[in-house]
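Note sheet for the following structure.
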Amino acid sequence: MNYFKHDTAVIDNGCLIGDGTKVWHFSHLMKGCTIGSNCIIGQNVFIGDVVVLGNNVKVQNNVSIYTGVICEDDVFLGPSMVFTNVINPRSAIERKHQFKGTRVKKGASIGANATIICGNELGIYCMVGAGSVITKPVKAFALMMGNPATQRGWVSEYGHKLLFTKEGKAICPESGDNYLLFNDIVTKQLS
C-alpha cells in the first residue's frame, strides 16, 4: 500500500489507488473506483463505483462523486459540492440504467456547494463559482457563476480573470502566459 488511509476511512476491495494519495476521516471509496497518484480525498467524501479521478485531484470535505463521473488530472472539487447522475430521480423507480456520465477536464476547479447536473462536460481549466449549478456543458477556461450558471468571463490556468483586448489577446498576470480569444473559444498560446 503506497497511499495513506485514515483509520476511519472505508475503502472497498477492488479500488485502484495511486501512490502518494491520502484518504482522510470517514470517507468511503466504493468497489471499482480508480484514484490516481497524489490525490487528496478530504473528510466525509463518498466516491461511487466506476468513478475515475486522475492524478493530483483535490477533493475537499463532504463531496459526493457518483457513478459515471470522470475527473482528469489536477481537478479541484470544493467543499460540499456534488455531482448528480440521473436527470429525473424518483425513490420508488430504479433508474440505474439511465445514469449519465460527467467529465471534468484537466485543471478545472469547482467551488464550494456547487452542483453539477449529469451529462455535461466541464472544459479544461474552467472555474465554477461557489454555489453555482451547472446545467449545460462548460467551455475551456470559462468562468461560470449562478443558478443556473452563466458564463461571466474567462480565466487562465492560474485561475486569474483574463481581460482580452479588441484583438482577442490576454496575458495571465501571474504566469505571464498569453491567451487568444477567437470565435468564443480561448486557447493558451505557446511561447
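Things worth noting here:
- G176 being exposed (fewer than 14 other Cβ atoms within 10 Å of the Cβ), assigned to a loop (DSSP other than H, G, I, E, B) and either touching a residue at least 60 places away in the same chain (Cβ under 8 Å) or of a type in the set (G, A, S) (or both): yes
- Yes/no for T150 being within 21 Å of C71 (Cα to Cα), in a strand (DSSP E or B) and among the hydroxyl-bearing types (S, T, Y): no
- Test: residue in the stretch 97-116 that is exposed (fewer than 14 other Cβ atoms within 10 Å of the Cβ) and either modelled with pLDDT of 95 or more or outside any loop (DSSP other than H, G, I, E, B) (or both): yes
- Every listed requirement among (1) in contact with a Lys or Arg (Cβ under 6 Å, 6 or more places away or on another chain); (2) in a loop (DSSP other than H, G, I, E, B) is met by Y125 save one, (1).
- Per-region count, the stretch 36-67, residues surrounded by 20 or more Cβ atoms within 10 Å (Cβ to Cβ) and touching a Ser or Thr at 6+ places or on another chain (Cβ under 6 Å): 4
- The residue list G107, G129 contains one member that is among the small types (G, A, S), touching an Asp or Glu at 6+ places or on another chain (Cβ under 7 Å) and in the same structural domain as N56 (by TED's automatic domain parsing), which is G107.
The values are calculated or read from the model by the stated rules, or taken from the named source; none is laboratory data. Just so we're clear, the structure is a prediction, and the values are computed from it rather than from any experiment. Note: ideal-geometry Cβ built from the backbone for every residue, glycine included; neighbour counts use all protein chains shown.
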